[in-house]
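A quick write-up on the structure given underneath.
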Amino acid sequence: DEDLGRRAIQLGAEDYLVKGKSSGAMIARTLRYAIERKRLETGLRVANKALEHRVAERTAALEAALVRLQESASRSQALTETASDAIIVADHHGRIVGWNPAAERMFGYEQSEAVGRPLTLVIPERYRARHSEGTKRVLSGGERRVIGKTVQLRGLKRSGSEFPLELSLSPWET
């Protein structure tokens, strides 16, 4: 009956026919709909399998890229940690984000004391205005006067004393 048919649809049935009240046209329409639903379900299954395959391929590629990235990071860290030259990495805000053991020895600050602080921590007062101007110029797309060159300057130790140093600046984008 129709009540049973409606409940069947609420539970997931696609359609129903009432016995004795179904015409040939209605039966033909119901069969067409059933065939179309089956075709769509099959298409969805095929598409889903294809998507699962693509996800698996991309996941494998991402996992391989992650392994390569971790290996690269390990090599970079080993290089930085064992370098005899001080390596200081600063972000575009001028905050120290990297500080190797040679920088600890040279400037007298432990890594934990230097990271997060402004780069001016190791720049003598008389150079800070020029450093600030140069940083602003480069960040705004202006001329890079010192980047890629080695210059003779003075550094500022934790003790407040100055010492001569050779400075090489390189841009590093990640």
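The values are calculated or read from the model by the stated rules, or taken from the named source; none is laboratory data. This structure is a prediction, so every number in the text was calculated from the model and none was measured. FYI the Cβ positions are ideal-geometry reconstructions off the backbone, even for glycines, and counts take in every protein chain you see. Ligands, DNA and RNA are excluded from the accessible area calculation, which covers all protein heavy atoms including side chains. Shrake-Rupley method; radii C 1.70, N 1.55, O 1.52, S 1.80 Å.
Are there any strands (runs of 3 or more DSSP E) wholly within the stretch 87-174 with 2 or more residues that are touching a Pro at 6+ places or on another chain (Cβ under 7 Å) and modelled with pLDDT of 90 or more, and if so which? Of the strands (runs of 3 or more DSSP E) lying wholly inside the stretch 87-174, those with at least 2 residues that are touching a Pro at 6+ places or on another chain (Cβ under 7 Å) and modelled with pLDDT of 90 or more span 150-156.
Whether any residue in the stretch 106-114 is over 24 Å from THR82 (Cα atoms) and of a type in the set (A, V, I, L, M, F, W, C) is what I want to check. No, the stretch 106-114 contains no residue that is over 24 Å from THR82 (Cα atoms) and of a type in the set (A, V, I, L, M, F, W, C). Candidates are the residues of the stretch 71-83 that are open to solvent by 100 Å² or more (accessible area, probe 1.4 Å) and not basic (Lys, Arg); the one that is nearest to PRO101 (Cα to Cα) is THR82. For the stretch 84-119, filtering for residues that are in contact with a Gly (Cβ under 9 Å, 6 or more places away or on another chain) and either of a type in the set (Asp, Glu) or surrounded by fewer than 10 Cβ atoms within 10 Å (Cβ to Cβ) (or both) leaves 0.
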